[in-house]
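In what follows, a structure is listed as structure tokens, so that the remarks can point back to it.
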Amino acid sequence: MQRLLAPILLGTLVPTFAAARSAGKNERPNIIYILADDMGYGDVSALNPECKVRTRHIDSLAAQGISFTDAHTSSSVSTPSRYSILTGRYNWRSPLQSGVAWSYTPPLIESDRLTVAGLLASAGYHTACIGKWHLGLGWQYRPDAPRQVDFTRPLTACPNDNGFEYSYIMPASLDIPPYVYIENGRITAPVVDTIDGRNGYAFWRKGPIAQDFDIPRTLDHFTDKAVEYIRSQAAGNEPFFLYFPLTAPHTPIIPSDRFAGQSGIGPYGDFLLHVDDVVGRVMAAVREAGIEQNTWIIFTTDNGCSPSANYENLKAHGHNPSYIFRGTKADIYDGGHRIPYIMRYPALIAPGSRSDAPVCLSGLMATCADLLGLSLPDDAGEDSFSQLAILCGRERPADRKRLLVHHSIEGFFAIRQGRWKLCVCPGSGGWSAPVPGAEPADAPRMQLFDMAAAPGEAAETNRYISDRKQSSRLLHQLEKAIRRGRTTPGKAQANDVPVVLYK
């Protein structure tokens, strides 16, 4: 159960929130967090002038709000990024040192760890999670067959144990069984069969499927639920927080028939149009409910685009999901973790704003706390820095000096501060060449890049050897961040497990 925050409330409304009041109303904003799955920075036409897909709804969100051009997930893969978004803490401080959660992984977030949902619930918000969870669950097993999940029994741990009052989810990615919907800890229909796996763009793994689960319709089904939730909550008196993690454009790449062939660059491009339509439906629901002025909508993604999108085909059509950045999902290079990060909140954010300050998605918790006048305890949001000043157009010098720590699928680290980025590995640390173990024998053991001068991180721009002083400074900062258990000011905290920096 999430611990209560009543002792640390500074007041329901405080001066920091006064600027966010709309039309003289003393209201806290509704918050909708849309998290796409495996979508690159270059897949949004408002950010990429060469984008071959027009994401008109996401572009509209950017035109009416703020877009960040140097925003990052904490990891270049799904589960760890989600952990950091919801806890404000880097995943590598938890037992998750590499990889992602799978079908029956136990819950990664402890029930007593404060999450963004728990923070907002303590401030009077109704909180909901609708979509892909991918953070582990508390499955129960059959007494007569201890290795077989009993799908008829309620889960012992689910989003409701992490601060969400309502949850309607699927366990992991749309290509990972079991294929079931789970509402408030209970599977919504009998598991009746095993579905065969598929390959190619429509890839999914063989596994159990529930009677009410239709893989091609899942994205629209979750969107129907999200729209229904927005309409329902808009009719009430309490503010709401909707965490809406999508299943797309992750594999299986199966856009609805109405988008088939519409992009002109293949199924992945069509799926981007489908994702954009989902954003449009959410925006329309907010507008039609009459809550547009006092609703903070955030659109972002959990990591860069996957190689499953078929980069070669996209390149042939002139489209690069990673834009000018090197690498893809799973990598330590920016293509793995630099992502679209776009917000609209008319009562606070000036339309058409843009920021190139380096930020991380782990900042959600501190930003919410700052906005609402809440104070975080020392053992929560250890890596969460508020972005409120940037949203208000009052960026501070400190906002450009924050430490960002990146992490690859294989557990390799990079640290970013200002224009400098140090990769503590000789290659990609992930799936792009050179993969771990296949780096050239004479490759420097680390990589130092000036991201202002050489954002493409080409091998010939590696300054690790020529600028050892800068490399040593960043490495010392990273070692300190690991040792203190936090990157924010406050009392040092313990990591859950020993953290291995050098591999």
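The values are calculated or read from the model by the stated rules, or taken from the named source; none is laboratory data. For clarity, every value in this text was computed on a predicted model and none was experimentally measured. Here the Cβ is made from the backbone with ideal geometry for all residues, glycine too, and neighbour counts use every protein chain on show. Surface areas here come from the heavy atoms of the whole protein model, side chains and all, with no ligands, DNA or RNA. Shrake-Rupley method; radii C 1.70, N 1.55, O 1.52, S 1.80 Å.
Values as computed for the structure displayed
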{"quantity": "Within the stretch 396-409, tally of residues that are out of contact with any Pro (no Cβ under 8 Å at 6 or more places or on another chain) and either without any contact (Cβ under 8 Å) to a residue 24 or more places away in the chain or part of a loop (DSSP other than H, G, I, E, B) (or both)", "calculated": "6"}
{"quantity": "Qualifying residue in the stretch 476-492 (condition: closer than 19 Å to residue 74 by Cβ and touching a helix residue (DSSP H, G or I) at 6+ places or on another chain (Cβ under 6 Å))", "calculated": "yes"}
{"quantity": "Verdict on residue 423 being of a type in the set (A, V, I, L, M, F, W, C) and buried (at least 23 other Cβ atoms within 10 Å of the Cβ)", "calculated": "yes"}
{"quantity": "Those strands (runs of 3 or more DSSP E) lying entirely in the stretch 158-254 with at least 3 residues under 20 Å from the mean Cα position of the chain (by Cα)", "calculated": "166-170, 240-245"}
{"quantity": "Subset of the stretch 52-67 [out of contact with any helix residue (DSSP H, G or I) (no Cβ under 6 Å at 6 or more places or on another chain) and open to solvent by 20 Å² or more (accessible area, probe 1.4 Å)]", "calculated": "52, 54, 56, 59, 60, 63, 64"}
{"quantity": "Qualifying residue in the stretch 115-136 (condition: farther than 29 Å from residue 372 by Cα and within 24 Å of the chain's Cα centre (by Cα))", "calculated": "yes"}
{"quantity": "Output for the stretch 68-106, where each listed residue is surrounded by fewer than 24 Cβ atoms within 10 Å (Cβ to Cβ), of a type in the set (S, T, N, Q) and farther than 17 Å from residue 329 by Cα", "calculated": "69, 94, 103, 105"}
{"quantity": "Subset of the stretch 447-487 that is among the β-branched types (Val, Ile, Thr) and farther than 13 Å from residue 415 by Cα - its residue that is modelled with the lowest pLDDT", "calculated": "465"}
{"quantity": "Selected residue [touching a helix residue (DSSP H, G or I) at 6+ places or on another chain (Cβ under 8 Å) and under 28 Å from residue 110 (Cα atoms)] from 179, 201, 229", "calculated": "179"}
{"quantity": "Residue tally, condition touching a helix residue (DSSP H, G or I) at 6+ places or on another chain (Cβ under 7 Å) and open to solvent by 10 Å² or more (accessible area, probe 1.4 Å), over the stretch 294-351", "calculated": "13"}
{"quantity": "Tally of residues being in contact (Cβ under 8 Å) with a residue 40 or more places away in the chain and surrounded by fewer than 21 Cβ atoms within 10 Å (Cβ to Cβ) across the stretch 222-234", "calculated": "5"}
{"quantity": "Residue among 503, 469, 491 that alone is farther than 19 Å from residue 403 by Cβ, exposed (fewer than 15 other Cβ atoms within 10 Å of the Cβ) and of a type in the set (D, E, K, R)", "calculated": "503"}
{"quantity": "Matching residues in the stretch 366-395 - criterion: being in a loop (DSSP other than H, G, I, E, B) and more than 20 Å from residue 353 (Cβ to Cβ)", "calculated": "373, 375, 376, 377, 378, 379, 380, 381, 382, 383, 384"}
